[in-house]
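Have a look at the structure below, then the notes.
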Amino acid sequence: MRALRPFDALVTLALALALCFLTLPVVAIFAGTRPGELVASLGEPGVLDALSLSLKATLAALVVIVVVGAPAAYVLATRSFRGRSAVITLVELPLVLPPAVAGIALLAALGPQGLLGGWLEDAGVRLVFETAGVIVALVFVAAPFFLSQAQAAFSAVDHTWLEASRTLGASEARTFLSVMVPSALPGLLSGLALAWGRALGEFGATLIFAGSLSGVTQTTPLAIYELFATDLTAALALSAVLVAISGALLLSVKLVGGRVAPGLLAR
Amino acid sequence: MRARKLLSEGEGAGLELRAELRLDAFELAIELAVPAGSCLALAGPSGAGKSTVLRIVAGLVRPDRGSVRCGEVTWLETEAGIDVPPELRHCGYVFQDYALFPHLKAWQNVAYGLRGEVRGRAERRRRAEALLERFGLAHLADAHPRTLSGGERQRVALARALAPSPRALLLDEPLTALDSRTRATATRELASVLREADVPTLLVTHDFAEAATLGDTVAVMAEGRLVQHGGAADLAARPVSAFVADFTGAVVLSGVARPGPEGLTLVDLDGGGDIASVDHATGPVVASVFPWEIALEPPGETRGGSPRNRLAVEVASVTPLGSRVRVGLEGVQPLAAEVTAASVRALGIAPGRTVVATWKAAATRLTSS
């Protein structure tokens with residue numbers, strides 16, 4: 001066995017520090033919660049509503065993100081056109097917006113007094129203080145995570161596979177569905193996991209744009225914040241539930257992604 | 001292969017191509033025609049634009065100006081604004097690295113092109129497996145491409161290209177990715193597939209010997225242009241330029257092999273005469289010799305030593321290649337020798353002069369054709 005070099009010691013220490021710092025708070029949530037409290041916290045008024053709203057709203061947002069985002073990322077990955085880099089930068093902009101700014105920006109664009117407010121009102125669409133508004137906020141903050149991952153995944157697919165598909169009689173649309181998506185699946189799934197995680201934890205934009213109405217716009221993070229003011233134990237318990245759900249989602253997506261990683265989705 | 005037609009009986013439609021396309025380093029400008037059932041080998045160094053020609057035919061690249069016709073059907077006519085998308089051209093394309101779909105099993109790869117014409121997954125599977133069986137791959141129908149060897153991948157790619165009864169076959173360096181041992185078998189198999197195919201075939205290769213073995217005619221390309229088009233032996237014997245002479249490398253002679261004395265193989269050349277080789281083969285073969293292995297002697301003179309081939313020939317052309325000279329020779333089959341400028345002077349070699357071309361049996365390579 002060779003001697004531990006100073007550099008090795010240094011990088012190992014850095015990793016240990018990072019690991020401790022990043023996991024300690026999460027561990028603390030569970031350490032501070034007894035199983036009984038965890039179950040009891042689910043009985044608090046509004047808690048189950050918040051959990052179910054979080055799941056429904058994030059799933060709805062993911063559907064929108066995938067249905068619109070996958071073809072959009074495909075265009076960015078396969079076509080070259082003037083202003084392509086500018087478009088990529090613009091769609092990734094929400095990544096760097098502070099969530100509160102994102103909420104205010106959404107209000108300015110889609111709120112009652114916003115740019116499209118009058119037009120939305122004429123169409124009978126209400127977003128503020130509505131579940132639909134939560135979904136809009138989630139899509140806005142989470143979509144860029146999926147878009148950039150999907151674009152990278154599509155770009156990495158060997159383009160001769162797409163050409164082979166075309167010469168075998170498949171249209172571009174069928175090639176997209178039968179070759180492009182299955183080949184890029186691991187990357188698409190990891191983009192999906194990132195977007196889902198971001199949407200589940202979304203707080204600021206939802207609060208400012210859609211409000212915090214229990215059962216309508218109060219997602220789990222908003223419910224945790226409300227409980228935090230009155231009942232720290234319940235807030236901790238609900239946090240533990242959210243961490244468990246998010247962790248399980250992330251893990252399952254990684255597992256599915258790992259299984260199909262070499263691209264083994266049959267059919 | 002195995003006595004059955006791999007391709008459905010077509011209308012015997014040939015392929016015609018005319019294309020001009022500005023590329024980074026040069027302008028591609030090419031015109032060629034391939035009759036149905038015939039294979040044109042596009043040969044040339046890497047980067048000559050050979051693959052681009054295939055891609056233009058398949059509809060994957062659109063030239064600045066040009067037309068592509070298959071029989072009566074126009075696939076491309078830039079002046080008329082006609083550009084049929086690749087999925088409607090029905091070209092069987094074998095890509096250089098085979099481009100098998102990694103997420104599909106071997107049979108699913110082969111069945112991929114059948115979705116348009118064969119209803120029902122079970123029937124498509126039956127058809128794909130039948131085709132795999134003809135390529136000796138029935139046992140690998142459920143294997144994924146990454147578990148297959150290079151030779152197996154090449155055969156799956158060929159089966160996939162042939163499955164939907166293509167109107168034209170486009171083969172981009174189909175043998176390059178194979179190791180030399182697999183390549184000999186694969187060449188024989190491919191030659192047999194091409195003999196049966198009654199559609200026009202364009203085969204791209206950077207290896208002149210491969211072009212000579214598989215192509216009915218060979219077109220040499222350099223920097224986007226066709227430099228010379230003709231029979232492989234013609235090209236080797238009568239190169240229009242030093243470039244073609246250099247590129248053709250080996251001289252090729254066709255004939256039928258039979259066992260000869262002392263463990264040698266004798267090849268009865270088409271047109272008469274025989275030559276010896278230390279390679280073992282029987283039946284129709286292509287014998288290849290490098291021109292620099294061929295020496296020229298005045299007629300009537302014989303020297304002893306190791307087994308030598310001797311053919312009486314007439315000098316057809318003399319092309320200087322730097323310090324050496326390429327001498328095109330006319331005999332029962334054309335061939336070429338590469339000798340020093342000094343020996344050209346010493347022997348008084350000039351067009352019309354009769355000489356004897358001689359080379360060792362060990363320098364004669366045999367490829368079954």
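The values are calculated or read from the model by the stated rules, or taken from the named source; none is laboratory data. What you see is a predicted model; the values in this text were computed from it and never measured. Neighbour counts run over all protein chains shown; Cβ positions are idealised from the backbone, glycine included. Side chains included, ligands, DNA and RNA excluded: accessible areas come from the protein's heavy atoms. Shrake-Rupley method; radii C 1.70, N 1.55, O 1.52, S 1.80 Å.
At the residue level, B:MET221 shows approximately 0 square angstrom of accessible surface with a 1.4 angstrom probe and all protein chains present.
Compactness of region B:246-298 is given as radius of gyration and Dmax, 11.8, 34 Å, from Cα positions. Mean-square fluctuations from a GNM of chain A, with a 10 angstrom spring cutoff on Cα atoms, peak among A:ILE208, A:ILE88, A:ILE135 at A:ILE88. When B:GLU72, B:GLU31 are compared by accessible surface with a 1.4 Å probe, the order from highest to lowest is B:GLU72, B:GLU31. Rg over Rh for region B:84-185 works out to 0.96, both radii taken from alpha-carbon positions and Rh defined as the Kirkwood radius. The aspartates and glutamates within cross-link reach of B:LYS105, meaning a Cα-to-Cα straight distance under 13 Å and a gap of 8 or more places when in the same chain, are B:GLU129, B:ASP142, B:GLU152.
Taking every protein chain into account, the 1.4 Å probe leaves B:THR340 with about 60 Å² of accessible area, to the nearest ten. The residues of region A:27-76 present an accessible area of 51 Å² per residue when probed at 1.4 Å with all protein chains retained.
Its alpha carbons considered, the protein assembly as shown gives a radius of gyration followed by a Dmax of 34.5, 116 Å. In chain A, the inverse of the mean reciprocal separation of distinct Cα atoms equals 21.0 Å; this is its Kirkwood hydrodynamic radius.
For A:LEU213, the residues 5 or more places off, or on other chains, whose built amide H falls under 5 Å of its own are A:GLN218.
Quick check of the Kirkwood formula: for region B:23-79, what is the inverse mean of 1/r over all pairs of different Cα atoms, in Å?
Value: 12.6 Å, from the Cα pair sum.
Ligands, DNA and RNA left out, the 1.4 Å accessible surface of the protein assembly as shown is 61% carbon and sulfur atoms.
Using a probe radius of 1.4 Å on heavy atoms only, what accessible surface per residue do you get for region B:242-369? Whole Å² is fine.
Result: 43 Å² per residue.
The listed residues B:ASP24, B:ASP234, A:ASP122, B:ASP198, once ranked by accessible area (1.4 Å probe) with the largest placed first, stand as B:ASP24, A:ASP122, B:ASP234, B:ASP198.
Principal axis extents of the Cα atoms in region A:188-245, from largest to smallest and rounded to whole angstrom, are 40, 26, 17.
Near B:MET221, the amide H atoms lying under 5 Å from its own belong to B:ALA43, B:GLY44, B:VAL227; only residues 5 or more places off or on other chains count, and H is placed 1.01 Å from N. Backbone geometry of region A:100-113 corresponds, through the Karplus equation with coefficients 6.51, -1.76 and 1.60 at θ = phi - 60°, to 3J(HN,Hα) couplings of 4, 5, 4, x, 5, 4, 5, 4, 5, 8, 10, x, x, 9 Hz, x marking Gly and Pro. Pairing chain B with chain A buries about 2200 Å² of accessible area. This figure sums both sides and uses a 1.4 Å probe. Each listed q (0.21, 0.22 Å⁻¹) maps to a log10 I(q)/I(0) for region A:91-211, found by the Debye formula over equal Cα scatterers with no solvent: -1.01, -1.07.
Considering every alpha-carbon pair of region B:1-156, the percent of pairs per 5 Å bin, from zero through the bin containing the longest distance, is 2, 8, 15, 16, 17, 16, 13, 9, 4, 1. Using θ = phi - 60° in the Karplus curve 6.51 cos²θ - 1.76 cosθ + 1.60, the 3J(HN,Hα) couplings for region B:329-343 round to 10, 10, x, 4, 9, x, 8, 8, 10, 10, 10, 6, 4, 4, 6 Hz; x is entered for Gly and Pro.
Other protein chain C-beta atoms within 10 Å of residue C-beta, averaged over B:99-110: 5.
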